[in-house]
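Undergrad: Can you keep this structure in mind? I'll have questions shortly.
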Amino acid sequence: MGIRIRKLSYALGAQIEGLDLTRPIGESEFGEVHRAFLEHGVLLLRGQRVDREQHIAFSRHFGELDRHDSLPRDRDPDHPELLMVTNRERTDGQPSNSRYTGQLWHSDMSFTLVPSLGSLLRAVEVPPVGGDTMFANMTAAYDALSPGMKRLIDGLHGVHQPERKGADQAPQWAEQNRRLNPPVAQPVVRVHPETGRRALYIGEKVRRFESMTEEESQPIIRYLLQHATRPQFLYRHQWQRDDILVWDNRCTMHIALGDYEQALERHMERTTVLGTPSGHVAVDAEVA
Ligand code: OGA
Ligand code: MN
């Protein structure tokens, strides 16, 4: 009885041992998991041979699940709560739509008005080497900024674009993605609703600050990204099949590394926990 918690890196992340997700989890047991989630930002559960329903059932402990209406093409038709992050060929022989998912620093669903609270990614098939995922502790990154920089960014909003990386953008999908997801402005500093701590909320989907030009914004955005991705703020996860990784999207960001043999299969399935409403549709023009 009882779970064990082991830190995975200095900056963030912890492994939870002694939990079997094929069985229902009691409320007090989940309480321990939830405390660890708030403390460590990323949780690893290893060797979880769960099916899709069990993955969804465990995820529901964290809150209501997203049905992925803003990413309809990537969800499982039978389980809208599950997003496929995969390089498996589609049934029509076309390459997968989601093979480049997450290959830039981001927090899930930041480009929507209900950015995600957290995500639970399950490794179904992973290549023997490469394809790691990196995480950054955005609370620690914020805390380490100078008082002057904190003053400068406090009150700024970043404009988040939904676009993914280049090759993922077949024209018809790019068009649908833009229609479903107009650019959304999110505070650059968010207060975590459960811990009350301030965290940087920025990523490579942020093109500019609201009411500032791209030219003006970019040097600061680049600085904040470079700052937040210094090694002392990071955890790098090397996947094993049957890993489930849970992360807090309100105070961490992550990136999928595309460094693996593309002929080998990498198939992940994700549930996304809905967060609290945040941000607003961005003011269109680059206001002078
Ligand atoms: C995601 C994501 C990272 C990965 O599922 O949200 O960014 O390594 N995935 O697959
Ligand atoms: Mn992601």
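Undergrad: Taking R0 as 22 Å, what FRET efficiency do you get between Q226 and V283 from their Cβ-Cβ distance, rounded to the nearest 0.05?
TA: 0.25
Undergrad: Still on this structure, please answer the following. Sort 228-235, 100-107 for me by packing, meaning the mean count of neighbouring Cβ atoms within 10 Å per residue, highest on top.
TA: Ranked from most to least packed, the peptides come out as 100-107, 228-235.
Undergrad: Next question. Separation of the stretch 117-159 and the stretch 1-79 by C-alpha centroid, Å?
TA: Answer, in whole Å: 19.
Undergrad: Going by accessible area, probe 1.4 Å, with all protein chains left in place, what is the ranking of R122, R178, largest first?
TA: I get R178, R122, largest accessible area first.
Undergrad: Spin-label point model (7 Å from Cα, Cβ direction): what's the M149 to D20 distance in nm?
TA: Between M149 and D20, the label points sit 4.8 nm apart.
Undergrad: Report in % the part of the accessible area of the stretch 86-177 that belongs to carbon and sulfur, leaving out ligands and nucleic acids; probe 1.4 Å.
TA: 55 percent
Undergrad: If you place +1 on the Cβ of every Lys and Arg and -1 on the Cβ of every Asp and Glu, how big does the dipole about the Cα centre of the chain come out, in debye to the nearest 20?
TA: I would put it at about 580 debye.
Undergrad: Moving to a separate point now. If you average the alpha carbon positions of the stretch 181-214 and of the stretch 221-260, how far apart do those two centres end up, in angstrom?
TA: Using only Cα atoms to place each centre, the spacing works out to 17 Å.
Undergrad: Would you kindly calculate the translational diffusion coefficient of the stretch 117-216, applying Stokes-Einstein with the Kirkwood radius from alpha carbon pairs, for 4 °C and a viscosity of 1.567 mPa s, and quote it in µm² s⁻¹ without decimals?
TA: Rounded, D is 79 µm²/s.
Undergrad: With each run of n ≥ 4 DSSP H residues scored as -39500 (n - 2.57), what mean residue ellipticity at 222 nm is computed for the chain after dividing by its residue count and rounding to the nearest 500 deg cm²/dmol?
TA: -6500 deg cm²/dmol
Undergrad: Rounded to the nearest 0.05, what FRET efficiency do D51 and E216 have when you use their Cβ-Cβ distance and R0 = 45 Å?
TA: 0.35
Undergrad: Separate question: Could you tell me what a quarter of the Cα convex hull surface of the stretch 4-279 works out to, in nm² with one decimal place?
TA: Mean shadow area of the hull around the Cα atoms is 14.3 nm².
Undergrad: Then there's this: Going by average Cβ neighbours within 10 Å, how do the peptides 13-25, 30-42 rank, with the highest at the top?
TA: 30-42, 13-25
Undergrad: Quick one: if you stick a label point 7 Å off each Cα along the C-beta vector at E29 and R67, how many nm between them?
TA: Placing both labels 7 Å along Cα→Cβ, they lie 3.0 nm apart.
Undergrad: What order do E194, E261, E163 take when sorted by accessible area (1.4 Å probe), most exposed first?
TA: E261, E194, E163
The values are calculated or read from the model by the stated rules, or taken from the named source; none is laboratory data. Keep in mind that what you see is a predicted model, and the values were worked out from it rather than measured. All Cβ positions, glycine included, derive from the backbone under ideal geometry; neighbour counts span all protein chains shown. Side chains included, ligands, DNA and RNA excluded: accessible areas come from the protein's heavy atoms. Shrake-Rupley method; radii C 1.70, N 1.55, O 1.52, S 1.80 Å.
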